[in-house]
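Colleague: My questions will all concern the structure given below.
The values are calculated or read from the model by the stated rules, or taken from the named source; none is laboratory data. From a predicted model like this one, the values you see are computed outputs, not experimental measurements. Note: ideal-geometry Cβ built from the backbone for every residue, glycine included; neighbour counts use all protein chains shown.
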Amino acid sequence: MRNFRPKTIISLCLVALANPACSQVERPVGASSAEPRALPAVVAPVPNVANAQGTETPAPAPPIAPPITPSPPPSMSQVERETELLDFSYEYPTLFERYEGIGARFATEAEELFAAHSAESAEYFIPRHNMPKATIEYSWDIRGILFPLWSLRRHVYSNTGGAHPNRSAIAILWDADEKRELRISELFPSVWDGDIRQAYCAALDEQRIERINDSGWDCPAFDELAITLENEGRAPPKLVFWASPYVAGSYVEGEYVVELAIQPEWQEAVPHKYRRALKVPHEID
């Protein structure tokens, strides 16, 4: 190996700096010349490839990411019963069978509702419309989980031989810690019949005017509605008011759904034990 004297090394460095091909070293401001930072490498494009016939074949395109598969719906437990005049079904999320209180509530309700509809089925208008039998379907779905609170809605479809099928809904709020049903008004005791009701009625009238250019119906009582407490991801929870046909308007108007963001002053009315449940996740201390 050849030994270079100091003067030789300096001369070689000056030659290298004068050559543009050797100037691909960048030094950040304030950095010493002994600590160079290499420039990012330039990636050359993939060339076309000549095939056996001498023509160019385009380079293969990059792979396409597979589509996102949505989460499957929750498994449902079903109760199905049939009589000469009635087809009856009742379903609810299977996961609730693992929790004390609420799973038994659904199972008991299914049997009670079937018994009640069976007793009433002889009075339905089935023969008038040449229907073989009536159909009654109940289905529960989860609208919000703000532990320990679960907000659930029960949808009902019924076709008993009248002028048209009917749809309706109710909702419950379940306290998983206390293993009991909670009235949603208990979360907002001092503002439920005041500020919240005023906000709901005003929003409902806006929808009526937009839909039929009329707000002639009275604002329905909260007991006539299915009211859920809903959340999605890290978004703040909201109140959702479901008015079935005939509750806030005629049958042809369909269902009215009003969503209200929970205002800070409403949140102040929430009992202390539930305030944490109604906070946005990143605001929890």
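Colleague: Please specify each residue of region 266-276 satisfying the condition of being touching a residue at least 40 places away in the same chain (Cβ under 8 Å) and more than 25 Å from the chain's Cα centre (by Cα).
Modeller: 269, 271, listed by residue number.
Colleague: Further question on the same structure: Of all the helices (runs of 4 or more DSSP H) wholly in region 182-285, which have at least 1 residues that are hydroxyl-bearing (Ser, Thr, Tyr) and modelled with pLDDT of 95 or more?
Modeller: So the answer is 197-212.
Colleague: If residue 116 meets every condition in (1) free of Cβ contacts under 8 Å to residues at least 24 places away in the same chain; (2) surrounded by 13 or more Cβ atoms within 10 Å (Cβ to Cβ) apart from one, which number is that one?
Modeller: Condition (2) is where residue 116 drops out.
Colleague: State which residue pairs qualify: first residue touching a residue at least 40 places away in the same chain (Cβ under 8 Å) and inside region 140-151, second residue of a type in the set (Asp, Glu) in any location, beta carbons under 8 Å apart, and separation of 6 or more residues or different chains.
Modeller: The qualifying pairs are 140/91; 143/230; 144/230; 148/175; 148/177; 148/178; 149/175; 151/230.
Rundown of residues vs (1) modelled with pLDDT under 95; (2) in contact with a helix residue (DSSP H, G or I) (Cβ under 7 Å, 6 or more places away or on another chain); (3) among the β-branched types (Val, Ile, Thr); (4) over 18 Å from residue 246 (Cα atoms), yes/no style:
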residue	(1), (2), (3), (4)
118	yes, no, no, yes
127	yes, no, no, yes
138	no, yes, no, yes
157	no, no, no, no
165	yes, no, no, no
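Colleague: Please go through region 171-181 and pick out each residue that is surrounded by fewer than 17 Cβ atoms within 10 Å (Cβ to Cβ) and either part of a strand (DSSP E or B) or touching a residue at least 40 places away in the same chain (Cβ under 8 Å) (or both).
Modeller: 176, 179, 180, 181
Colleague: Mind checking which residues of region 101-154 are within 36 Å of the chain's Cα centre (by Cα), part of a helix (DSSP H, G or I) and of a type in the set (D, E, K, R)?
Modeller: Listed by number, the residues that qualify are 105, 109, 111, 112.
Colleague: Next question, about the same structure. Counting only residues that are touching a Ser or Thr at 6+ places or on another chain (Cβ under 7 Å) and touching a residue at least 60 places away in the same chain (Cβ under 8 Å), which one in region 155-170 is surrounded by the fewest Cβ atoms within 10 Å (Cβ to Cβ)?
Modeller: 166
Colleague: Looking at residue 235, is it among the small types (Gly, Ala, Ser), surrounded by fewer than 13 Cβ atoms within 10 Å (Cβ to Cβ) and in contact (Cβ under 8 Å) with a residue 24 or more places away in the chain?
Modeller: Criteria met by residue 235.
Colleague: For region 82-100, give me each residue that is under 12 Å from residue 114 (Cα atoms) and either in a strand (DSSP E or B) or touching a residue at least 60 places away in the same chain (Cβ under 8 Å) (or both).
Modeller: 82, 86, 87, 88, 89, 90
Colleague: Regarding region 247-258, can at least one residue be identified that is crowded, with 18+ Cβ neighbours inside 10 Å, under 24 Å from the mean Cα position of the chain (by Cα) and in contact (Cβ under 8 Å) with a residue 40 or more places away in the chain?
Modeller: Checked region 247-258: at least one residue is crowded, with 18+ Cβ neighbours inside 10 Å, under 24 Å from the mean Cα position of the chain (by Cα) and in contact (Cβ under 8 Å) with a residue 40 or more places away in the chain.
Colleague: Are there any pairs, at least 6 apart or on different chains, whose C-beta atoms fall under 9 Å, with the first in region 186-204 and within 13 Å of residue 265 (Cβ to Cβ) and the second part of a helix (DSSP H, G or I) and acidic (Asp, Glu), and if so, which?
Modeller: Qualifying pairs under 9 Å: 188/195; 191/265; 192/186; 195/265.
Colleague: Working only within region 155-169, note down all residues that are in contact with a His (Cβ under 9 Å, 6 or more places away or on another chain) and part of a strand (DSSP E or B).
Modeller: Passing the criteria: 158, 167, 168, 169.
Colleague: Let me ask another. For the list (1) in contact with a Pro (Cβ under 7 Å, 6 or more places away or on another chain); (2) surrounded by fewer than 19 Cβ atoms within 10 Å (Cβ to Cβ); (3) hydrophobic (A, V, I, L, M, F, W, C), I need the number of the one condition that residue 140 fails.
Modeller: Of everything listed in (1) in contact with a Pro (Cβ under 7 Å, 6 or more places away or on another chain); (2) surrounded by fewer than 19 Cβ atoms within 10 Å (Cβ to Cβ); (3) hydrophobic (A, V, I, L, M, F, W, C), residue 140 misses just condition (2).
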